């Protein structure tokens, strides 16, 4: 079972030892027995078993922290957190992705631009799971056999793709394992992500410098 609440509480226990760090949000909603039914209702999708397991521990949760001093983990890593979308929110957001792509294809909006081409290529197959306040997402790419987790850049059409499509982890379980090791930091992902995904060593090496 993927126990995201346990991972969050584990990170919180570490961060509270730093007086300068403020835990801004920690909200964990109990699991909803209808989660599997909601996820299975998403049309034309294959849902990984790990996602069902994740929602056996919580229906939705939010966790955010910040270091106003920008000194504890260095200036590149001074805040973190996310919102795990509920199954219903995942369903709605995924529908919005697909409808937006349909409109682009229908109207022929700048499809020759690299950012729009990436959006049309990816959004119909990426299931949004983790939401960030700036509008970005971590998504499950349903085209990959292992269901890798990838970075969705919400403004990819504005001169992108930049980091859009970056592979964050090989699967959902690996994401929670590796991301929790770096305290669910939110950052320029190119600083800590390698070809295989998040590398915690890069976080701590950069912190030491």
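For segment 172-192, a tally of residues being in contact with a strand residue (DSSP E or B) (Cβ under 7 Å, 6 or more places away or on another chain), farther than 22 Å from residue 13 by Cβ and in contact (Cβ under 8 Å) with a residue 40 or more places away in the chain returns 1. Of the residues making up segment 37-62, those that are in contact (Cβ under 8 Å) with a residue 60 or more places away in the chain and under 17 Å from the mean Cα position of the chain (by Cα) are 47, 48, 50, 51, 54. So, in segment 143-153, of the ones that are without any contact (Cβ under 8 Å) to a residue 60 or more places away in the chain and more than 12 Å from the chain's Cα centre (by Cα), which residue ends up nearest to residue 56 (Cα to Cα)? Here the answer is 146. The number of residues in segment 47-65 that are closer than 19 Å to residue 137 by Cα and out of contact with any helix residue (DSSP H, G or I) (no Cβ under 8 Å at 6 or more places or on another chain) comes to 2. Of all residues in segment 56-90, those satisfying the criterion of being part of a helix (DSSP H, G or I) and closer than 23 Å to residue 155 by Cβ are 89, 90. Of all the residues in segment 80-93, those that are touching a residue at least 24 places away in the same chain (Cβ under 8 Å) and surrounded by fewer than 21 Cβ atoms within 10 Å (Cβ to Cβ) number 6.
For residue 77, are the conditions met, namely being within 30 Å of residue 17 (Cβ to Cβ), in contact (Cβ under 8 Å) with a residue 40 or more places away in the chain, under 13 Å from the mean Cα position of the chain (by Cα) and buried (at least 18 other Cβ atoms within 10 Å of the Cβ)? Judged against the criteria, residue 77 is not a match.
Kindly indicate whether any position in segment 20-38 is more than 24 Å from residue 193 (Cβ to Cβ), at pLDDT below 95 and either surrounded by 12 or more Cβ atoms within 10 Å (Cβ to Cβ) or in contact with a helix residue (DSSP H, G or I) (Cβ under 9 Å, 6 or more places away or on another chain) (or both). Yes, segment 20-38 contains a residue that is more than 24 Å from residue 193 (Cβ to Cβ), at pLDDT below 95 and either surrounded by 12 or more Cβ atoms within 10 Å (Cβ to Cβ) or in contact with a helix residue (DSSP H, G or I) (Cβ under 9 Å, 6 or more places away or on another chain) (or both). Of all the residues in segment 173-199, those that are assigned to a helix (DSSP H, G or I), buried (at least 16 other Cβ atoms within 10 Å of the Cβ) and in contact with a helix residue (DSSP H, G or I) (Cβ under 7 Å, 6 or more places away or on another chain) number 5.
Of all residue pairs spaced 6 or more apart or on separate chains, those with beta-carbon atoms under 6 Å, a first member in segment 117-136 that is on the phi > 0 side of the Ramachandran plot and a second member that is surrounded by fewer than 19 Cβ atoms within 10 Å (Cβ to Cβ) and assigned to a loop (DSSP other than H, G, I, E, B) are 135/154. Among the residues of segment 1-22, those identified as under 17 Å from residue 66 (Cβ atoms), more than 19 Å from the chain's Cα centre (by Cα) and outside any loop (DSSP other than H, G, I, E, B) are 14, 15, 22. Regarding segment 99-115, can at least one residue be identified that is under 22 Å from residue 189 (Cα atoms), free of Cβ contacts under 8 Å to residues at least 60 places away in the same chain and not in a loop (DSSP other than H, G, I, E, B)? Yes, because at least one residue in segment 99-115 is under 22 Å from residue 189 (Cα atoms), free of Cβ contacts under 8 Å to residues at least 60 places away in the same chain and not in a loop (DSSP other than H, G, I, E, B).
The values are calculated or read from the model by the stated rules, or taken from the named source; none is laboratory data. Remember, predicted model here, so these are calculated numbers, not experimental data. Virtual Cβ from ideal backbone geometry, glycine too; neighbours counted across all protein chains shown.
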